[in-house]
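Enquirer: Can you keep this structure in mind? I'll have questions shortly.
The values are calculated or read from the model by the stated rules, or taken from the named source; none is laboratory data. Nothing here was measured: the structure is a model prediction, and the numbers come from that model. All Cβ positions, even for glycine, are placed from backbone atoms using ideal geometry, and neighbour counts span all protein chains on display.
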Amino acid sequence: MATAALDSHALAAHHYSSTGLDNKKIGIWAFIGSECLFFASLISTYLIYKGHSITGPYPHEACNPPACATPLKAILNIPVTSMSTFVLLMSSLFMVLAHSAVVRGDRKYSKIWLAGTALAGATFLGFQAFEFTSFVHEGLKITTNLFGSSFFVLTGFHGAHVTAGVIWLITLLFIDMKRGLGPRDAINVDICALYWHFVDVVWIAIFTLVYLIK
Amino acid sequence: MAADHTPGASDTHPDAHVDAHGVTHGEHPHHPDWATYKWVALILTVITVGEVWIYYTPFKENRLFVPTLLFMSAFKFATVVMFYMHLKYDSKIFRVLFVGPLIIAMIALVSLLFLFGHLALKTG
């Protein structure tokens, strides 16, 4: 009787569902599924409006008078975005290594890889801030044309997700430094990792559809 | 760098608990090791370099350019989901929770592009 009570207490602490799977993990996968629909709607909007802007600047083509008051070059900076894409891809590698270190109970490397992931995420955001600033200086704002509206909404929402991920990673890093993350915390790092990788795969789609395909 | 779960190791985590109904709680299924993660990172980097490289080549004018990029992107997407998100190794329930909405999202995207692109052109 006492053993059964202890078992039920332990199960309640771990929040397992009747499937034997952790509720948090089921929750994050359901959330990621809903996020697929959210980003699909934003990408659809971008693709539908692609090529329908009446005024420049345009993503891939130069804009000359009379369409633009002054000549404007193609606005997307592929080399810079390629670098930021590489940084985000590497952050996913750092994240799996952080999770692996937490599962092993390796406190030194869990801190290193969590910090590395957060730093890579912050670097990606720095690239995005640079890109947005340069676009505004070149005359592209959210209200300029259809491209500006759909581009800033899509990449802005992705950037907001990256920001949330960086905050989440810094929180985990803070907990790790305060009391240490061990195998018992692996599920909490795992759900953060799933969110982070999802943000990465969304960028994989955005990079191709927005930046590389004319 | 040591692997957390070496190939061939037991699928059941030391913390796993089997209840009276035979349901195992807290098990961590077999996850890839460091070598797999390293290869995945290398493959993702090579494909990304390939994507950017073909963007700057005359192949950009070829009609196979867009399908090639879409294939490369889909391959990268699937690789991250299968290996980094462990969907290849985890429970089928997670696969259903992700792939189901993803299919709906793809159908919605293609339908919207068809409605606003193809049909809009036909109707003027």
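Enquirer: Would you point out the residue of the stretch A:101-115, among those that are buried (at least 19 other Cβ atoms within 10 Å of the Cβ) and small (G, A, S), that is nearest to the other protein chains (Cβ to nearest Cβ)?
Expert: A:A101
Enquirer: Residue check, B:P29 against (1) crowded, with 16+ Cβ neighbours inside 10 Å; (2) part of a loop (DSSP other than H, G, I, E, B); (3) at pLDDT 55 or above, all met but one. Which one?
Expert: Going through the list (1) crowded, with 16+ Cβ neighbours inside 10 Å; (2) part of a loop (DSSP other than H, G, I, E, B); (3) at pLDDT 55 or above, B:P29 breaks only (1).
Rundown of residues vs (1) at pLDDT below 95; (2) not in a helix (DSSP H, G or I), yes/no style:
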{"residue": "A:W113", "(1), (2)": "no, no"}
{"residue": "A:L119", "(1), (2)": "no, no"}
{"residue": "A:T123", "(1), (2)": "no, no"}
{"residue": "A:A129", "(1), (2)": "no, no"}
{"residue": "A:V136", "(1), (2)": "yes, no"}
{"residue": "A:T144", "(1), (2)": "yes, yes"}
{"residue": "A:F152", "(1), (2)": "no, no"}
{"residue": "A:H161", "(1), (2)": "no, no"}
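Enquirer: Answer yes or no: is there a residue in the stretch A:148-168 that is more than 21 Å from the chain's Cα centre (by Cα) and over 15 Å from A:S53 (Cβ atoms).
Expert: No, because not a single residue in the stretch A:148-168 is more than 21 Å from the chain's Cα centre (by Cα) and over 15 Å from A:S53 (Cβ atoms).
Enquirer: In the stretch B:42-57, is there at least one residue being at the interface with chain A (Cβ under 10 Å from one of its Cβ atoms), surrounded by 15 or more Cβ atoms within 10 Å (Cβ to Cβ), modelled with pLDDT of 95 or more and closer than 22 Å to A:C192 by Cβ?
Expert: Within the stretch B:42-57, one or more residues are at the interface with chain A (Cβ under 10 Å from one of its Cβ atoms), surrounded by 15 or more Cβ atoms within 10 Å (Cβ to Cβ), modelled with pLDDT of 95 or more and closer than 22 Å to A:C192 by Cβ.
Enquirer: Sticking with this one: Can you say whether A:T81 is within 30 Å of B:L42 (Cβ to Cβ), buried (at least 17 other Cβ atoms within 10 Å of the Cβ) and touching a residue at least 60 places away in the same chain (Cβ under 8 Å), as far as the supplied structure shows? Write out each step before concluding.
Expert: On the way: within 30 Å of B:L42 (Cβ to Cβ): yes; buried (at least 17 other Cβ atoms within 10 Å of the Cβ): yes; touching a residue at least 60 places away in the same chain (Cβ under 8 Å): yes.
Judged against the criteria, A:T81 is a match.
Enquirer: Would you mention how many residues in the stretch B:37-66 are in contact (Cβ under 8 Å) with a residue 12 or more places away in the chain and closer than 15 Å to A:L89 by Cα?
Expert: 8
Enquirer: Do we have A:A193 as at pLDDT below 95, hydrophobic (A, V, I, L, M, F, W, C) and crowded, with 20+ Cβ neighbours inside 10 Å here?
Expert: No: the conditions fail for A:A193.
Enquirer: Related question: Taking the options A:A98, A:A164, A:A122, name whichever one is within 14 Å of chain B (Cβ to nearest Cβ), aliphatic (A, V, I, L, M) and over 30 Å from A:A62 (Cα atoms).
Expert: Selected residue: A:A98, the only one of A:A98, A:A164, A:A122 that is within 14 Å of chain B (Cβ to nearest Cβ), aliphatic (A, V, I, L, M) and over 30 Å from A:A62 (Cα atoms).
Enquirer: Could you check, for the stretch A:77-99, whether at least one of its residues is farther than 26 Å from B:I107 by Cα and assigned to a loop (DSSP other than H, G, I, E, B)?
Expert: Scanning the stretch A:77-99 turns up at least one residue that is farther than 26 Å from B:I107 by Cα and assigned to a loop (DSSP other than H, G, I, E, B).
Enquirer: Need pairs with beta-carbon distance below 8 Å; first residue more than 14 Å from chain B (Cβ to nearest Cβ) and within the stretch A:171-198, second surrounded by 15 or more Cβ atoms within 10 Å (Cβ to Cβ) and outside any helix (DSSP H, G or I); sequence gap 6+ or separate chains.
Expert: Every condition considered, the pairs that remain are A:L172/A:L181; A:I175/A:L181.
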